[in-house]
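Asker: Structure provided below as structure tokens; questions to follow.
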Amino acid sequence: MPPEEIETLLESPFHEARAGALSIMDKQARSKKTPASRRKELYDLYLRRTDRINNWDLVDISAPTVVGGYLYDKPRDILYHLARSENVWGRRTAIVSTAYFIRKCDLDDTVKIAEMLLHDKHDLIHKPVGGWLREAGKQDRQRLLGFLDQHAAHHLALRYRAARPGSTRPLIA
């Protein structure tokens with residue numbers, strides 16, 4: 001499906017149509033056969049149409065591969081801009097996109113963006129911040145422990161998502 005048709009789905013008032021569009025974008029971004037030019041088109045479409053990416057699941061199904069995958073070998077300034085956004089979905093995109101980096105053992109942006117978002121008031125930011133820090137901690141436990149020593153006592157985000165998905169125990173027991 002070409003980006004123009006995907007954008008038509010994104011314009012739909014129906015959440016399910018937008019979820020379908022973002023699922024298509026994710027599948028295309030994941031495919032090893034997708035050329036770099038198409039990955040750029042998908043990334044540009046995502047950023048151009050953030051007005052239509054307006055629910056946690058829409059961010060979560062697409063941001064890691066469409067945004068994070070595209071930015072992996074590029075400057076990531078846009079993620080810091082999104083982390084400072086007034087829009088909750090932009091902030092969520094910033095942290096969720098770093099899932100791609102975590103899988104590649106590249107943790108710096110996850111930790112920096114998590115630190116930026118620690119004071120966020122929105123529950124839909126707390127959960128991915130805690131979850132992504134937990135995942136980063138699986139790659140570098142000492143870094144996670146240092147982060148927790150510095151920040152955990154005062155932040156709800158760090159109390160979410162312990163060792164098992166769905167758990168609400170602290171990150172470190």
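Asker: Mind counting the residues in segment 81-93 that are surrounded by 14 or more Cβ atoms within 10 Å (Cβ to Cβ) and in a helix (DSSP H, G or I)?
Answerer: 8
Asker: Does segment 80-93 contain any residue that is in contact with a Pro (Cβ under 8 Å, 6 or more places away or on another chain) and either touching a residue at least 24 places away in the same chain (Cβ under 8 Å) or of a type in the set (Phe, Trp, Tyr) (or both)?
Answerer: yes
Asker: Among ASP73, ASP109, ASP57, which is among the acidic types (Asp, Glu) and surrounded by 18 or more Cβ atoms within 10 Å (Cβ to Cβ)?
Answerer: Of ASP73, ASP109, ASP57, the one residue that is among the acidic types (Asp, Glu) and surrounded by 18 or more Cβ atoms within 10 Å (Cβ to Cβ) is ASP109.
Asker: Out of all the residues in segment 94-106, which are farther than 18 Å from THR34 by Cβ, in contact with a Pro (Cβ under 7 Å, 6 or more places away or on another chain) and either at pLDDT below 95 or crowded, with 23+ Cβ neighbours inside 10 Å (or both)?
Answerer: ILE95, VAL96
Asker: Name, by its number, the condition in (1) in a loop (DSSP other than H, G, I, E, B); (2) surrounded by 19 or more Cβ atoms within 10 Å (Cβ to Cβ); (3) not acidic (Asp, Glu) that does not hold for GLY68.
Answerer: GLY68 satisfies all of (1) in a loop (DSSP other than H, G, I, E, B); (2) surrounded by 19 or more Cβ atoms within 10 Å (Cβ to Cβ); (3) not acidic (Asp, Glu) except (1).
Asker: Here's another thing I want to ask about it. Considering only segment 143-151, I want to know if a residue exists there that is among the charged types (D, E, K, R) and at pLDDT 95 or above.
Answerer: no
Asker: Out of all the residues in segment 1-58, which are outside any helix (DSSP H, G or I) and either in contact (Cβ under 8 Å) with a residue 60 or more places away in the chain or more than 16 Å from TRP89 (Cα to Cα) (or both)?
Answerer: Once the filter is applied, which keeps residues that are outside any helix (DSSP H, G or I) and either in contact (Cβ under 8 Å) with a residue 60 or more places away in the chain or more than 16 Å from TRP89 (Cα to Cα) (or both), segment 1-58 yields MET1, PRO2, GLU11, SER12, PRO13, PHE14, SER31, LYS32, LYS33, THR34, PRO35.
Asker: Out of all the residues in segment 77-130, which are among the small types (Gly, Ala, Ser) and farther than 12 Å from VAL67 by Cβ?
Answerer: Across segment 77-130, the qualifying residues are ALA83, SER85, ALA114, GLY130.
The values are calculated or read from the model by the stated rules, or taken from the named source; none is laboratory data. All of these numbers come straight from a predicted model, not from anything done at the bench. For neighbour counting, all protein chains shown are included, and Cβ atoms are generated from backbone atoms with ideal geometry for every residue, glycine included.
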